[in-house]
1. Which of the residues that make up the stretch 80-91 are under 24 Å from SER13 (Cβ atoms) and either open to solvent by 60 Å² or more (accessible area, probe 1.4 Å) or outside any strand (DSSP E or B) (or both)?
2. With the condition kept exactly as written, say whether any residue in the stretch 25-42 is at pLDDT 95 or above, within 11 Å of the ligand (Cβ to nearest atom) and more than 20 Å from HIS109 (Cα to Cα).
3. What's the total number of residues in the stretch 66-95 that are among the aromatic types (Phe, Trp, Tyr) and either closer than 22 Å to ALA19 by Cβ or within 16 Å of the ligand (Cβ to nearest atom) (or both)?
4. Any residue in the stretch 50-61 that is under 19 Å from ILE83 (Cβ atoms) and within 12 Å of the ligand (Cβ to nearest atom)?
5. Does any residue in the stretch 178-189 that is assigned to a helix (DSSP H, G or I) come within less than 9 Å, Cβ to Cβ, of a residue that is among the basic types (Lys, Arg) six or more places away or on a different chain, and which pairs are these?
6. Read through the list (1) more than 16 Å from the ligand (Cβ to nearest atom); (2) without any contact (Cβ under 8 Å) to a residue 24 or more places away in the chain, then give the number of the only condition that LEU98 fails.
7. For the stretch 1-24, give me each residue that is within 12 Å of the ligand (Cβ to nearest atom) and in contact with a Gly (Cβ under 8 Å, 6 or more places away or on another chain).
8. Restricting attention to the stretch 92-116, which residues are farther than 29 Å from ARG74 by Cα and surrounded by fewer than 18 Cβ atoms within 10 Å (Cβ to Cβ)?
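The values are calculated or read from the model by the stated rules, or taken from the named source; none is laboratory data. Since the model is a prediction, treat every value here as computed from it, not as a measurement. Note: ideal-geometry Cβ built from the backbone for every residue, glycine included; neighbour counts use all protein chains shown. The accessibility values were calculated without ligands, DNA or RNA, using every heavy atom of the protein model including side chains. Shrake-Rupley method; radii C 1.70, N 1.55, O 1.52, S 1.80 Å.
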Amino acid sequence: MKRVAILISGGGSNMVRLAEAMTGDYPARPVLVGANDPSAGGLAKAAAMGIESFAVDHRPFGRDRAAFEAELLRHLEAAEPDIIALAGFMRVLTPEFLRHYAGRMLNIHPSLLPKYPGLHTHARAIAAGDAEAGATVHEVTADLDAGPILGQARVPVLPGDTPDDLAARVLVQEHRLYPAVLRRFAQGDRRPVFL
Ligand code: GRF
């Protein structure tokens, strides 16, 4: 049974779906939810689900990423996670931190990587006139939004879509994709999941 720590920055809808999936014969359980913002809505959701949670506000650390990450690591290591799942986590992590969890950290990104790494993915897909958009779960490496792909889900881009319309359509698929990918990953199976 793998122990999974989930890092969030906001509402944590992906965290909720991952936690909800991790029951019964699912080969992993959520052991901790962490946020870089004490006001992240997902923290209350985690507490309501009985999952231990913490927040390390990144702002007091200013540009000292290493100090922020040292505090983050202190909380994480206390829970002895096997896997770290980034779910709407909006801080770039240093190679030092990533080395600590090399090969056992996942992220979900709201585009069909390698297209549109970074921010504003939906607006960029619409502006490009893409017929399709979607989400990708990938292993986290030192290259931002560029690790080995572990799963993708596609949705149509419809005429008149606003970025919010597309984001909502993609989010529904993210909630299906991430639990499916984590299930395989927790069993050591890195074959990608395509929805
Ligand atoms: C989602 O679009 C996800 O792809 C991105 O953050 C957004 C919010 O996710 N990583 P959540 O509702 O906080 O899980």
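1. At the first step, the residues of the stretch 80-91 found to be under 24 Å from SER13 (Cβ atoms) are 81-91.
If the condition is that a residue be under 24 Å from SER13 (Cβ atoms) and either open to solvent by 60 Å² or more (accessible area, probe 1.4 Å) or outside any strand (DSSP E or B) (or both), then PRO81, ASP82, ALA87, GLY88, PHE89, MET90, ARG91 are the ones that fit.
2. no
3. First, pick out the residues of the stretch 66-95 that are among the aromatic types (Phe, Trp, Tyr): 68, 89.
Next cut, either closer than 22 Å to ALA19 by Cβ or within 16 Å of the ligand (Cβ to nearest atom) (or both) only: 89.
Residues flagged as among the aromatic types (Phe, Trp, Tyr) and either closer than 22 Å to ALA19 by Cβ or within 16 Å of the ligand (Cβ to nearest atom) (or both) within the stretch 66-95 amount to 1.
4. Checked the stretch 50-61: no residue is under 19 Å from ILE83 (Cβ atoms) and within 12 Å of the ligand (Cβ to nearest atom).
5. So the pair list comes out as TYR178/ARG17; PRO179/ARG17; LEU182/LYS2; ARG184/ARG190; ARG184/ARG191; PHE185/LYS2; PHE185/ARG104; ALA186/LYS2.
6. Result: LEU98 fails condition (2) only.
7. As a first pass, look at the stretch 1-24 and keep what is within 12 Å of the ligand (Cβ to nearest atom): 6-19.
ILE6, LEU7, ILE8, SER9, GLY10, GLY11, GLY12, SER13, ASN14, MET15, VAL16, listed by residue number.
8. Matches in the stretch 92-116: PRO114, LYS115.
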